[in-house]
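Trainee: Mind having a look at this structure? Questions to follow.
The values are calculated or read from the model by the stated rules, or taken from the named source; none is laboratory data. A quick note: this is a predicted structure, and the numbers were derived from the prediction, not measured. Neighbour counts run over all protein chains shown; Cβ positions are idealised from the backbone, glycine included.
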Ligand code: UDX
């Protein structure tokens, strides 16, 4: 099939490359000149494992191309995806849908053939209806079926999530749209991955509900982690014990410094507003947002405690800055409030992240010094703070820290090391969700 994807950002590029990989002919429309130049010259403007190779091979095979204009990009398409951003609107926490509606108007003004118009962007409940009305006003002569097909791509494993999804959710209302969407996803569903067909509104809400539920799981386990620290229980055992119950499931029960990223913070806030618009309460989602905000703000206390109450003049090595491993995304990362507080409290901060430092430089306090590797960050440090669970950090042994740090102190906000092993090697070790182990004197 010939498809157009409006927006060459994270979702648009991953989806476009994956649709090409499963055999479709895809044109990705990207209006930002710098991004488009990178794509046309064979590069990829974001970090996502495997994406550059996938883009390259599909461009070479003639199944994937890029262009700047919607009118040119949609010329031969029978399905058009809108994959532009819906960032949080600062003034009220709602999803900003202006880029979606701009794209809809542009498509409606230029499309000559019948098409299925699909929102991949995360859009508030009722957006599909609003899109239908706009199209009807601008171009009543062409048949345009409006469909919602939310993405569930995790940064760092987005390609696998696309090709081997837990489910493909499609919201639609016409037989034509159903046939086109079934045909589009047939290379995936033939391998046994389920396609769930629902109404447009239900599809829109499935996306928000899924992300809010996962965010709630993370916030919940972080609250239990605090209780473990105060009571002597062990969070990793609690997660295992809970997760073995199939009704609960093992995933998203890893305690940490709080969730961040491009989706959970944005979608939880948007869902609260969507509920309010429908005169409903989202008490649990509100509590999740509050709990997570508090969680992130509390991370500084752990470093203060490990430093005996003050970090003034102390050399702190921050290991990891991105909101999780496998991405260069710094959006709403727990490292941001932590780094800001450390600087405010007078710490000397050296930071290292395998992928996130270019962006970090533009948003973290200018006092932070960035290093090219872990060892330089750890050199002469009083405390090492693990913020992101990069594989590169997980492989480190006590001797990798001991030989270069000034003091043997680790604050591990991701529980990536064996507490007892580090204690035996002379470290004071401060994990999340279990009591710390401290050397005497
Ligand atoms: C999420 C959704 O998973 C995906 O389906 C959606 O489409 C986009 O948003 P992503 O933001 O890439 O994906 O990250 P995810 O892996 O879901 O993690 C979100 C946050 O929760 C991260 O900050 C992560 O560190 C945190 N997390 C996750 C935990 O702290 N503990 C866990 O057990 C799982």
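Trainee: Over 20 Å from the mean Cα position of the chain (by Cα) and buried (at least 16 other Cβ atoms within 10 Å of the Cβ): is that true of residue 84 in this structure? Lay out the reasoning, then the answer.
Mentor: Numbers: over 20 Å from the mean Cα position of the chain (by Cα): no; buried (at least 16 other Cβ atoms within 10 Å of the Cβ): yes.
When the stated conditions are applied, residue 84 does not pass them.
Trainee: In a loop (DSSP other than H, G, I, E, B), within 16 Å of the ligand (Cβ to nearest atom) and touching a helix residue (DSSP H, G or I) at 6+ places or on another chain (Cβ under 8 Å): does that describe residue 271?
Mentor: Criteria not met by residue 271.
Trainee: Another one. What are the residues in the range 1-34 that are free of Cβ contacts under 8 Å to residues at least 24 places away in the same chain and in contact with a strand residue (DSSP E or B) (Cβ under 6 Å, 6 or more places away or on another chain), if any?
Mentor: Hits for the range 1-34: nothing passes.
Per-residue answers, yes or no, for (1) buried (at least 23 other Cβ atoms within 10 Å of the Cβ); (2) at pLDDT 95 or above; (3) under 19 Å from the mean Cα position of the chain (by Cα):
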| position | (1), (2), (3) |
| --- | --- |
| 304 | no, yes, no |
| 307 | no, yes, no |
| 310 | no, yes, no |
| 317 | yes, yes, no |
| 327 | yes, no, yes |
| 332 | no, yes, yes |
| 342 | yes, yes, no |
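Trainee: Go through the residues of the range 211-231 one by one and say whether even a single one is more than 23 Å from residue 414 (Cβ to Cβ) and surrounded by fewer than 17 Cβ atoms within 10 Å (Cβ to Cβ).
Mentor: Within the range 211-231, not a single residue is more than 23 Å from residue 414 (Cβ to Cβ) and surrounded by fewer than 17 Cβ atoms within 10 Å (Cβ to Cβ).
Trainee: Here's something else I'd like to know. Out of (1) within 16 Å of the ligand (Cβ to nearest atom); (2) surrounded by fewer than 17 Cβ atoms within 10 Å (Cβ to Cβ); (3) free of Cβ contacts under 8 Å to residues at least 40 places away in the same chain, the odd one out for residue 297 is which?
Mentor: Just one mismatch for residue 297, condition (3).
Trainee: Now for a separate question. From the residues in the range 235-255 that are touching a residue at least 40 places away in the same chain (Cβ under 8 Å) and surrounded by fewer than 23 Cβ atoms within 10 Å (Cβ to Cβ), which one is nearest to the chain's Cα centre (by Cα)?
Mentor: Within the range 235-255, the first condition is being touching a residue at least 40 places away in the same chain (Cβ under 8 Å), and the residues that meet it are 235-236, 238, 254-255.
Next cut, surrounded by fewer than 23 Cβ atoms within 10 Å (Cβ to Cβ) only: 236, 238, 254.
On the way: 236: 23, 238: 25, 254: 16 Å.
Out of the qualifying residues, it is 254.
Trainee: Looking at the range 112-125 only, could you name the residues that are within 16 Å of the ligand (Cβ to nearest atom) and either within 16 Å of the chain's Cα centre (by Cα) or over 20 Å from residue 176 (Cβ atoms) (or both)? Give the derivation first.
Mentor: If we filter the range 112-125 for residues that are within 16 Å of the ligand (Cβ to nearest atom), which is where we start, we get 118-124.
The answer is 120, 121, 122, 123, 124.
Trainee: Quick one: which residue in 262, 239 is within 12 Å of the ligand (Cβ to nearest atom) and under 25 Å from residue 151 (Cβ atoms)? I'd like the intermediate steps shown before the answer.
Mentor: Working: 239 fails: under 25 Å from residue 151 (Cβ atoms).
Testing whether each residue is within 12 Å of the ligand (Cβ to nearest atom) and under 25 Å from residue 151 (Cβ atoms) leaves just 262.
Trainee: Now a separate question. Restricting to the range 385-441, name every residue that is on the phi > 0 side of the Ramachandran plot, more than 16 Å from the ligand (Cβ to nearest atom) and in contact with a helix residue (DSSP H, G or I) (Cβ under 9 Å, 6 or more places away or on another chain). Give the derivation first.
Mentor: The initial filter retains those residues of the range 385-441 that are on the phi > 0 side of the Ramachandran plot, namely 415, 426, 433, 441.
Next cut, more than 16 Å from the ligand (Cβ to nearest atom) only: 426, 441.
Within the range 385-441, just 426 meets the criteria.
Trainee: Filter the range 199-223 for residues that are part of a helix (DSSP H, G or I) and over 18 Å from residue 264 (Cβ atoms) and give the result.
Mentor: Filtering the range 199-223 down to residues part of a helix (DSSP H, G or I) leaves 200-223.
Scanning the range 199-223 gives 200, 201, 202, 203.
Trainee: Among the candidates 348, 343, 440, 404, which residue alone is over 30 Å from residue 223 (Cβ atoms), in contact (Cβ under 8 Å) with a residue 24 or more places away in the chain and out of contact with any strand residue (DSSP E or B) (no Cβ under 6 Å at 6 or more places or on another chain)?
Mentor: On the way: 348 fails: out of contact with any strand residue (DSSP E or B) (no Cβ under 6 Å at 6 or more places or on another chain); 343 fails: over 30 Å from residue 223 (Cβ atoms); 440 fails: in contact (Cβ under 8 Å) with a residue 24 or more places away in the chain.
Only one candidate passes the filter, namely 404.
Trainee: When you go through 389, 420, 399 one by one, which is the residue that is outside any helix (DSSP H, G or I) and either in the same structural domain as residue 226 (by TED's automatic domain parsing) or surrounded by 23 or more Cβ atoms within 10 Å (Cβ to Cβ) (or both)? Don't jump to the end; show me each part of the working.
Mentor: On the way: 420 fails: outside any helix (DSSP H, G or I); 399 fails: outside any helix (DSSP H, G or I).
On inspection, the qualifying residue turns out to be 389.
Trainee: I'd like to verify a number: residues in the range 126-172 that are within 14 Å of the ligand (Cβ to nearest atom) and in a loop (DSSP other than H, G, I, E, B), how many?
Mentor: Residues flagged as within 14 Å of the ligand (Cβ to nearest atom) and in a loop (DSSP other than H, G, I, E, B) within the range 126-172 amount to 13.
Trainee: Here is a further query. Collect the residues in the range 306-337 that are part of a loop (DSSP other than H, G, I, E, B) and either away from the ligand (no atom under 14 Å from the Cβ) or not assigned by TED's automatic domain parsing to the domain that holds residue 361 (or both), keeping them in residue-number order.
Mentor: Of all residues in the range 306-337, those part of a loop (DSSP other than H, G, I, E, B) come to 307-314, 320-334.
Selection gives 307, 308, 309, 310, 311, 312, 313, 314.
Trainee: Now a separate question. Is there a residue in the range 181-190 that is over 26 Å from residue 274 (Cα atoms), in contact with a strand residue (DSSP E or B) (Cβ under 9 Å, 6 or more places away or on another chain) and crowded, with 22+ Cβ neighbours inside 10 Å?
Mentor: Scanning the range 181-190 turns up at least one residue that is over 26 Å from residue 274 (Cα atoms), in contact with a strand residue (DSSP E or B) (Cβ under 9 Å, 6 or more places away or on another chain) and crowded, with 22+ Cβ neighbours inside 10 Å.
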